[in-house]
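Rule-based calculations on the coordinates, nothing more; no lab input. Here the structure is a predicted model, which is why all the values come from computation and not from measurement. Neighbour counts run over all protein chains shown; Cβ positions are idealised from the backbone, glycine included.
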Amino acid sequence: MTASNGRAATIETAIRHVLPNGLVLLLQHNSSVPIVTVRGEVRVGAVNERAEQNGLAVFTGAALIRGTHTRTFQQIVAETEALGASVNAGGGMHSSSFAGRALAEDLELILEILADMIQRPTFPAQEVERLRSQFLMNLRESEQETRVQASRAARALLFAPEHPYSRLSSGTIATVQAITSDDLAAFHRLYHPAATTIAIVGDIDPPRVIAAIERFFGVWEPGAGPPTQELPPARQISGVQRRDIVLNGKVQSDLIYCVHGLSRTSPDFYAANVANMILGRLGLGGRLGDNVRERQGLAYSCGSSIDADLGAGPWAALAGINPANVERAAAAIVHEVGEFCANGPTAEELNDARDYLTGSLALGLETNDGIAGTLLGIERYGLGLDYISRYPAIIRGISAEQIVETARKYLSTEDYVLVTAGPPSQ
C-alpha cells in the first residue's frame, strides 16, 4: 500500500454515526499517539445574524467557554489544565466551532465539558464584559490595519448591505458594543443538533465513544428545526468600483482587486482552485508574485485567494505595496489577470499546481487534528468518505482548457472591485 493510499484509507475507514436528534459523529481510530482530538461545528454563523448585530455569531461562539449551568469559566480552565487538556470554541461566517484535546483516558471528561458548553452556556455578565473588552481592543487595532480596512471596503462594494458577505464576521466597534447577554442567549438558541457534526480522532474505542456521545449529546433536543442559511443574490458589478481609504501614519498601502467567486460545491471549484494556485499562490505568490513583485518590484507581497464556502465569496488578488506604486501595481495586477485569462497556464505551472494540491492534502492527514478537520469538511460539503481516494484523479484531470474557461467565466479586467488602504497619496 502506498503512503497516499494509506492516508485515503484513514478517511475511508472512518465510522459515521448519526444520533436520533440528527447530530453526526465521525470517528477514526489512530493509535500512533495517545492524544485524542475532538473537533466539532454547528452550522450557525454570521450568515444567521442581522446586520445591526454584526459580530454576534463570533461573540456567542467565544462566550461558550465562559460559564455553563454546572461550571464557571475558572472551573473549566482548572479542570482541563489539570489534565494537560484543552477546550475552546468560536464563531465564523457559516458555522460555530468547538474543539478539545486530551489523553485518551480523559476523553469522556472533555466530551462532558464540551457538551455543557454547547448546550448549556449561561453567558454571565462579568465574563461577557471581559470578552467584549478583548473584542473591542482587537477591533480598535484593526481600524489601523490597512489589509483589514481594505477587506471591509472591498466586501461592502462587492455585496449589497443585506448580504452577510458584505461584512466581516468579527463585527464593528459599534455593533459589538451594543450586543447584550440576552442577544447571545437568543442567538445560541439557533444552535441545533441536526446542524452539528463532531469528528473525533485518536487512540479511541469507537463503541465506547459512541456511547459517551449519546450520553452527553443525545439529550440535546431543541424545539424548533435547524436554521437555514439562504443567501441573497450577489450584487452585479459593472465597470470598476473603486474606493481609496486614507490611514494617516502608515508607510505601506494594501491593494485588493476582487470579483465574485464561487461556492465550494460549484462544478467549477476544482478548476478555479487550480487556476488560483497558479495565478497567486505557488512559490512566493504564483504568477502575480513573479511578475508584480519579483520582476517589476511593485509590491512587497502579492498573491490571490478564493473564499469558497457554502456560498460564493470573493476571488481576490492582494498586494502590500509602497504608496508611490499604487497605480502601477493596480495596473500590473489587472494586466496579469487579463494575460492569464487569455493564455492560461504553462504546462510546467499546471504540473506544479497539481503536485502541490495533491501533496498538501496528503500532508494535512499527518495529524489527528488534520484528519478531524478533513472529516468535518467532507461532511459539510457532502463529499463522501472516498473523497481522498478520488481527489488526485480530480486534480490531475483538470486541463489547461478548463482553467482558461473558468478564469474567463469569473475573472474580469473590465468589471471588478478595486480598493486601496494606506497613507495619503503623494
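If the chain linking Glu214 and Gln126 were pulled fully straight, counting 0.36 nm for each residue of separation and taking away their Cα-Cα distance, it would gain 28.4 nm. Once the convex hull of all Cα atoms in segment 245-290 is built, its volume per residue stands at 106 Å³.
Rg and Dmax, both from the Cα atoms of segment 194-242 and both in Å, are 20.7, 59. Taking the DSSP bridge list for the chain and keeping only pairs wholly inside it, about 80 percent are antiparallel. Averaging Cα coordinates gives a centre for segment 232-265 and one for segment 317-355; these two points are 16 Å apart. In plain terms, the C-alpha convex hull of the chain casts an average shadow of 21.3 nm² when viewed from every direction.
Overall shape: oblate for segment 307-352, with the ratio a/c of the largest to smallest alpha carbon gyration tensor axis at 1.5 or above and b/c at least equal to a/b.
Can you compute log10 of I(q)/I(0) for segment 261-350 with the Debye formula, treating each Cα as one identical point scatterer, at q = 0.20, 0.21 Å⁻¹? Taken in order of the listed q values, log10 I(q)/I(0) reads -0.91, -0.98. Contact order for the chain, expressed relative to its length and based on alpha carbon pairs under 8 Å spaced 6+ residues apart, stands at 22 percent. Report note on the peptides 130-141, 335-346: ranked by the mean count of other C-beta atoms within 10 Å, highest first, their order is 335-346, 130-141.
Of interest is the spacing of the C-alpha centroids, which for segment 364-426 and segment 28-93 amounts to 27 Å.
The per residue volume of the convex hull around the alpha-carbon atoms of segment 317-426 is 169 Å³.
Here the alpha carbons of segment 3-135 define both size measures, Rg and Dmax, at 16.7, 51 Å.
Comparing Gly67, Gly55, Gly225 in a Gaussian network model of the chain (Cα springs below 10 Å), the most mobile by mean-square fluctuation is Gly225. The relative contact order of segment 138-235, computed from alpha carbon pairs under 8 Å that lie at least 6 residues apart in sequence, is 35 percent. The modelled label-to-label distance for the pair Glu52/Arg328, using points 7 Å beyond Cα in the direction of Cβ, is 4.9 nm.
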